[in-house]
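The values are calculated or read from the model by the stated rules, or taken from the named source; none is laboratory data. Because the structure is a prediction, the values reported are computed rather than measured. Ideal geometry is used to build each Cβ from the backbone, glycine not excepted, and the neighbour counts take in all protein chains shown. With ligands, DNA and RNA removed, areas are computed over all heavy atoms of the protein, side chains included. Shrake-Rupley method; radii C 1.70, N 1.55, O 1.52, S 1.80 Å.
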Amino acid sequence: MNSGAQPGHVYLVGAGPGNPDLLTLRAADLLRTADVILPDDLVSEDVLALASPTAEIIAVGKRCGQPRITQAGIHGLMLEHAQADRSVLRLKSGDPLVFGRAGEELAALREAGIPVEIVPGISVAFAVAADLQIPLTDRASASKLILATAHHAEGKVELSPSWSGAFPDDATLVIYMPGRNFGALASDLIASGIPQETPCVAVSKASTPLQHVCATTLGDLHVAAIGPAPVVLLIGRAIKLP
Ligand SMILES: C[S@@+](CC[C@H](N)C(=O)[O-])C[C@H]1O[C@@H](n2cnc3c(N)ncnc32)[C@H](O)[C@@H]1O
């Protein structure tokens, strides 16, 4: 087992949904030993509290599509510190390879010849399913699991994932970054063939003391009392609260 963050290396690490108990041992080790930490907005304070007191922590989150720092700026910071022989922890909520722009960051690091390690984390879909005790797959009703986003790229907001053909009725659909227009999102999904009586759970601020769970159906999503961002939606015949 590797130990400690190495000088000149960049680590793309999943911080999980917020509770430090859900970090991997490798993530905790890197948090304790990295020289520079670049966390996203959704990385919790409790996770950051594990960092070395001497670590330089530079917040690089973007909120509501309003960039405080550009993606190129984040690449620049990672390269600058790694090339100065510091160990750099790029810390992302959930899993770094799920809606985390890891592809762009990896490409920049590889092009510059910087050694990179990726450490997985618990994506919010799995944290929510475990917390609410809802299986995401079910032998009788859900043989597929689809992770989608309703917000594909900066400057380009799409209200629903685009499907070709009817949506499979034996799938659980998890929507990250659903936006706030739940009525339009639900209409699009119903139009793509998902029955309006399909169960739906919207979880706001999952894995924090402010977690808010709203169980409804796709047809009633537009009137549901859904908590503030960040919100993740779980939709499908298998999505039933116990
Ligand atoms: C940029 S994506 C990051 C996903 C992350 N890499 C993961 O694997 O969970 C951000 C979106 O993830 C979801 N999300 C992340 N943390 C969340 C939380 N604590 N509660 C609810 N949704 C969350 C929301 O849909 C949010 O808009």
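Which one of THR33, LEU12, SER52 is farthest out on the positive end of the charge dipole of segment 10-119, using unit charges on Cβ (Lys, Arg +1; Asp, Glu -1) and the Cα centre as origin? Value computed over the given set: LEU12. Cβ-Cβ distance of LEU241 and ALA84, R₀ of 35 Å, FRET efficiency by 1/(1 + (r/R0)^6): the value works out to about 0.10.
Two-decimal Rg/Rh of the chain from alpha-carbon positions, Kirkwood Rh? Reported Rg/Rh, Kirkwood definition of Rh: 1.00.
Averaging the sequence gap over all C-alpha pairs within less than 8 Å and six or more residues apart, then dividing by the number of residues, gives the chain a relative contact order of 19 percent.
Within the chain, antiparallel bridges make up roughly 50 percent of the DSSP beta bridges whose residues both belong there. Split the accessible area of segment 10-119 by element, probe 1.4 Å, and carbon with sulfur accounts for 52%. Stretching the chain fully between ARG180 and ILE146 yields a gain of 10.2 nm (0.36 nm per residue, less the alpha carbon separation). Per atom type, segment 124-235 shows carbon and sulfur on 56% of its accessible surface, probed at 1.4 Å.
Pull up the cross-link candidates among the aspartates and glutamates for LYS92, meaning alpha carbon to alpha carbon under 17 Å and not fewer than 8 places away within one chain. Output for LYS92: ASP21, ASP29, ASP35, ASP40, ASP41, GLU45, ASP46, GLU56, GLU104, GLU105, GLU117. Estimated purely from DSSP H runs of n ≥ 4, each contributing -39500 (n - 2.57), the mean residue ellipticity at 222 nm for the chain is -6500 deg cm²/dmol once divided by its residues. If r is the Cβ-Cβ distance from GLU197 to ASP41 and R0 is 45 Å, what FRET efficiency results, to the nearest 0.05? With R0 = 45 Å, the Cβ-Cβ based efficiency is 0.80. For segment 76-120 versus segment 33-51, the spacing of their alpha-carbon centroids is 14 Å. Note down the nm distance, to one decimal, between modelled labels 7 Å out along Cα→Cβ at THR24 and at ASP169. My value for the distance between the label points is 3.9 nm. Rounded to the nearest 5, the antiparallel percentage of DSSP beta bridges internal to segment 10-119 is 15%. With the simple spin-label model, which puts each label point 7 Å out from Cα in the Cβ direction, the ILE57 to ASP138 separation comes to 4.0 nm.
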